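Participant: Take a look at this one; I'll ask things after.
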Protein chains: 2
Amino acid sequence: MALLVVGSLAFDSIKTPRGQVDRILGGSATYFSLAASYFTEVRVVAVVGDDFTAEHEAVLKRRGVATDGIEHARGKTFFWSGEYGENVNEAKTHATELNVFQDFHPQIPKKYLDTEFLFLANIDPVLQAGVRRQMSHTRLVGGDTMNYWIKGKPHELAETLKLIDVLLINDTETKMLAGDSSLPRAANKVLAHGPRGLVVKHGEYGATIFFGEGTFGIGTHPFRAPALPIEEVRDPTGAGDSFAGGFMGYIASQGELNREVLKRAMFYGGVMGSFAVECFGPERLTNLTRDEIEARFQIFRELTHLDHDA
Amino acid sequence: MALLVVGSLAFDSIKTPRGQVDRILGGSATYFSLAASYFTEVRVVAVVGDDFTAEHEAVLKRRGVATDGIEHARGKTFFWSGEYGENVNEAKTHATELNVFQDFHPQIPKKYLDTEFLFLANIDPVLQAGVRRQMSHTRLVGGDTMNYWIKGKPHELAETLKLIDVLLINDTETKMLAGDSSLPRAANKVLAHGPRGLVVKHGEYGATIFFGEGTFGIGTHPFRAPALPIEEVRDPTGAGDSFAGGFMGYIASQGELNREVLKRAMFYGGVMGSFAVECFGPERLTNLTRDEIEARFQIFRELTHLDHDA
């Protein structure tokens, strides 16, 4: 089934210990939709400026991503410039130029209003709620947020959380959102605010999904998926959005929502994140095959499963 | 098969956000041997002072641990006092009094010299090497170390690493030992120094075992075991030693050394660590049943395995 993502299309200038690139295609919606495109039909809603060319759009189109929800505005596309040190979990931002993104008021094209799976990438929670309310036929809504909104718009975010089924954030964000330094306790507090599921991304240690009481009819036991021990992370940009793309894409590709599907979705999320960091920008996500994805899924399985060696 | 541990017996005064205790039984050898005692025959070599009573020794004896390798010296037993904040991964040490431990020169009782499994807990690497050289029939030697020795005795430690089959340390220690901030790269550098296996403990994120080339005839793919998301860690003291006790104890209990055994040992390590933190000091490790251990093993499996719901 189809999956719609609302987020950012951007140009990124990135420096890591392994090299640097200038003004390459980036943004949460780019990583998300490319990663999800290996699993299901994907539709993007975002805004770009005059500098976003047909060639940039073709990167998404070649993966079958529907781009007719992209709004073309006057001005420049969102731009981010940052640098990672040896600790790839922390980016140092040099510049954030919102440009056309500043006045982004996402409108879902009519023909996409009945899309069954929705992902609200990391944008203003007020906009997230606005999108969510436009769409009344969703089967599952995933969402992301960040420290900036947790601190800056806590009340608006609290409202948005009631409209999200599965929230995907990292350890720091979870603890900040809950005001609790114990991750499992913080996770349960976040779940009490609305989401039925909470995926906490641990970076190189993988990710854990926590479930609210009685949701998905599957009990409340958490489930943990690994990340791949990767010797050389070339560029961590977009790893979280790629995780979300794999996670939501796999779920949308399955007819039903149950614990088994969500568990596998966690693995596919980790798989897509592990590919994303192999190259600068989203490049690796443009040229994968489903066989490569399945092979890596097996590596994730072998990394964690007893009695299952290949 | 029997397992011998050389390490510290100590008295600990511990404060955590959940409470505090004064001068309770502790030390690496205590946690290790109690955890291992659920799997195999355990022998302790350590030194204690006049304040270590028959009652303290009985804590080990009741679990069947052989205590006749404990040397009774004049003076006081090793004492540690410390505090944990909300971040249970970091202890603030208030006092370390080595006492009789300062002149500890471990002698393995003759009747124990042919013990097949050996664990060198975190003591001076020179002493670790001395013990290792006394024992010529070992099938597997596990070892621990810490920042203090990595910085203070790097050459001595390098020699000791050549005598250890499986080293168990944490992320920070691994990176420090290798001088590399990428964990998988650091792990491979440590393996190049001697150990055939390296268990990196990630605290609340579990642990990963990395293998050297062609060791145990099982390839070099790492294996990752989870930790339990625990809402309330009452006292993290001894979690790492309890992990090591479960890991080495399970290995010693199995006839053969292969990848499947090592994978399960990683799970049992995590299981014993998860019990250790439930109470102050080693208390929880004194009153477990094998059924409780197996039940928790199943929880670890459900936490990580696809297609395996109970």
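FYI, it's all coordinate maths here, none of it is from the lab. Bear in mind the structure is a predicted one, so any value in this text is a computation, not a measurement. Glycine also receives a Cβ, built like all others from the backbone with ideal geometry; neighbour counts cover every protein chain displayed.
Participant: Using Cα-Cα distances under 8 Å and only pairs 6 or more residues apart, what relative contact order does the stretch B:3-304 have, in percent?
Facilitator: That works out to 18 percent.
Participant: Take B:Asp68 and B:Glu260, extend 7 Å from each Cα along the Cα→Cβ direction, and tell me the distance between the two endpoints in nm.
Facilitator: Taking the two extended label points, one gets 3.7 nm.
Participant: For the rotation that superimposes chain A on chain B, which residue of A has the C-beta lying nearest to the axis, and at what distance in Å?
Facilitator: Closest Cβ to the A-to-B rotation axis, residue and whole-Å distance: A:Tyr205, 2.
Participant: Between A:Arg18 and A:Lys61, what's the calculated FRET efficiency when r is the beta-carbon distance and R0 is 30 Å? Round to 0.05.
Facilitator: E(calc), rounded to 0.05, equals 0.55.
Participant: Moving on. Step by step: find N for the stretch B:27-69, compute 2.2 N^0.38 Å, then divide the Cα radius of gyration by it. What's the final number?
Facilitator: Against the compact-globule rule of thumb, the ratio is 1.06.
Participant: Another question, then. Between A:Ser37, A:Ser181, A:Ser13, which gets the highest mean-square fluctuation from a Gaussian network model of chain A, Cα cutoff 10 Å?
Facilitator: A:Ser181
Participant: Still on this structure, please answer the following. In chain A, which helices (entire DSSP H runs) extend 20 Å or more along their own long axis, judged by Cα positions, while averaging at least -0.5 on the Kyte-Doolittle scale?
Facilitator: Helix filter hits for chain A: A:239-253, A:259-276.
Participant: Moving to a separate point now. Show which lysines lie in cross-link reach of B:Lys110 when reach means a straight Cα distance below 22 angstrom and same-chain residues fewer than eight apart are skipped.
Facilitator: Qualifying lysines at Cα under 22 Å: B:Lys61.
Participant: Continuing with the same structure: At 25 °C and a viscosity of 0.890 mPa s, what translational diffusion coefficient does Stokes-Einstein give for the protein assembly as shown, taking Rh as the Kirkwood radius over Cα pairs? Give it in µm²/s as a whole number.
Facilitator: After rounding, the answer is 95 µm²/s.
Participant: Based on the Cβ-Cβ distance of A:Asp103 and B:Leu98, what FRET efficiency does E = 1/(1 + (r/R0)^6) give at R0 = 45 Å, to the nearest 0.05?
Facilitator: Taking R0 as 45 Å, the efficiency between A:Asp103 and B:Leu98 is 0.10.
Participant: So if each residue of separation counts as 0.36 nm, and I subtract the Cα-Cα distance between A:Leu127 and A:Ala54, what length gain in nm does that give?
Facilitator: Working it through step by step, the gained length comes to 23.6 nm.
Participant: Follow-up question, since we're still on this one. At 7 angstrom along the Cα-to-beta-carbon line, where would the label on B:Arg62 sit relative to the other copies? Give the distances in nm, shortest first.
Facilitator: 6.9
Participant: Moving on. Shielding of B:224-234 by partners, i.e. mean partner chain Cβ atoms within 10 Å per residue?
Facilitator: Rounded to a whole number, the mean comes out at 5.
Participant: Would you look at the GNM of chain A, springs on alpha carbons closer than 10 Å, and say which of A:Pro236, A:Pro195, A:Pro109 moves the most?
Facilitator: A:Pro109
Participant: State the percent of C-alpha pairs, over all pairs in the stretch A:233-310, separated by a distance greater than 18 angstrom.
Facilitator: In whole percent, the long-distance tail amounts to 42.
Participant: Given a 10 angstrom Cα cut-off, can you work out which residue in B:Met248, B:Met272, B:Met135 is the most mobile in a GNM of chain B?
Facilitator: B:Met135
Participant: Can you give me the P(r) profile for the stretch B:92-143? Cα pairs, bins 10 angstrom wide beginning at 0, each as a whole percent.
Facilitator: Histogram of Cα-Cα distances, whole percents per bin: 21, 47, 23, 9, 0.
Participant: Here's another thing I want to ask about it. Sort shortest first the distances from A:His155 to its counterpart in every other copy, using label points 7 Å along the Cα-to-beta-carbon line, and give them in nm.
Facilitator: Nearest first, the other copies' label points are 6.7 nm away.
Participant: Next up: log₁₀ I(q)/I(0) of the stretch A:3-304 at q = 0.13 Å⁻¹, via Debye over equal Cα point scatterers, no solvent, to two decimals?
Facilitator: One equal scatterer on each Cα of the stretch A:3-304 leads to -0.86.
Participant: How large is the translational diffusion coefficient of the stretch A:28-146 in µm² per second when you combine the Kirkwood radius over alpha carbon pairs with Stokes-Einstein at 10 °C and 1.306 mPa s?
Facilitator: Answer from the Stokes-Einstein relation: 102 µm²/s.
Participant: Any idea how far apart B:Ile299 and B:Met1 come out in nm if each label point goes 7 Å out from Cα toward Cβ?
Facilitator: Output for this residue pair reads 3.2 nm.
Participant: Still on this structure: Under the convention of a label 7 Å out along Cα→Cβ, give the distances in nm from A:Asp291 to the same position in every other copy, shortest first.
Facilitator: 5.2
Participant: Kindly provide the pair-distance distribution of the stretch A:188-280 built from C-alpha pairs, with 5 Å bins from 0 and whole-percent values in order of increasing distance.
Facilitator: 3, 15, 24, 23, 18, 10, 6, 2, 0
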